[in-house]
Amino acid sequence: MAGEEVVAGLYLPSDITPYIHVLVYHVRYMIKNHRNWGLKSFSCAAVEKKNHQQVSYFFRKTLKDGGKYMNGKSSIKELLHYENRTLYFTYSNDMLLHSFQRTQKINI
């Protein structure tokens, strides 16, 4: 920020988001030390997408804790169980498909 002056007290601490903090205090260092990575590698798009998916699932599918921890499950536990099931079936099906692709030839 050559030639620019930082004005103290311009923003309240509650106005500063984690993204703005990183932009002001850390991006210069990251770009300087990791030039070959590029700025795109520091994107939070994947985290934001995962947050969007979980919030959407929460408002579509869970009881939103309106069931008063029905069967001992809070909405957070419902989300975590959903994530675990999704990962399990995604990767177990991939492994199952790969095991079928490795067929052996039998000569008679």
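Remarks
- Of all the residues in the range 38-55, those that are polar (S, T, N, Q), outside any helix (DSSP H, G or I) and more than 15 Å from Leu23 (Cβ to Cβ) number 0.
- Consider the range 66-86 and keep the residues that are surrounded by 14 or more Cβ atoms within 10 Å (Cβ to Cβ) and in a loop (DSSP other than H, G, I, E, B). The one that is modelled with the lowest pLDDT is Lys73.
- Subset of the range 19-55 (residues that are among the aromatic types (Phe, Trp, Tyr) and at pLDDT 85 or above): Tyr25, Tyr29
- Qualifying residues in the range 56-65 (those that are in a helix (DSSP H, G or I) and surrounded by 11 or more Cβ atoms within 10 Å (Cβ to Cβ)) - the one modelled with the lowest pLDDT: Lys61
- Residue selected from the range 14-37 under the condition polar (S, T, N, Q) and assigned to a helix (DSSP H, G or I), by the criterion most open to solvent (accessible area, probe 1.4 Å): Ser14
The values are calculated or read from the model by the stated rules, or taken from the named source; none is laboratory data. All values reported here derive from a predicted model rather than from experimental measurement. For neighbour counting, all protein chains shown are included, and Cβ atoms are generated from backbone atoms with ideal geometry for every residue, glycine included. Ligands, DNA and RNA are stripped out before the accessible areas are found, and what is left, the full protein with its side chains, is counted by its heavy atoms. Shrake-Rupley method; radii C 1.70, N 1.55, O 1.52, S 1.80 Å.
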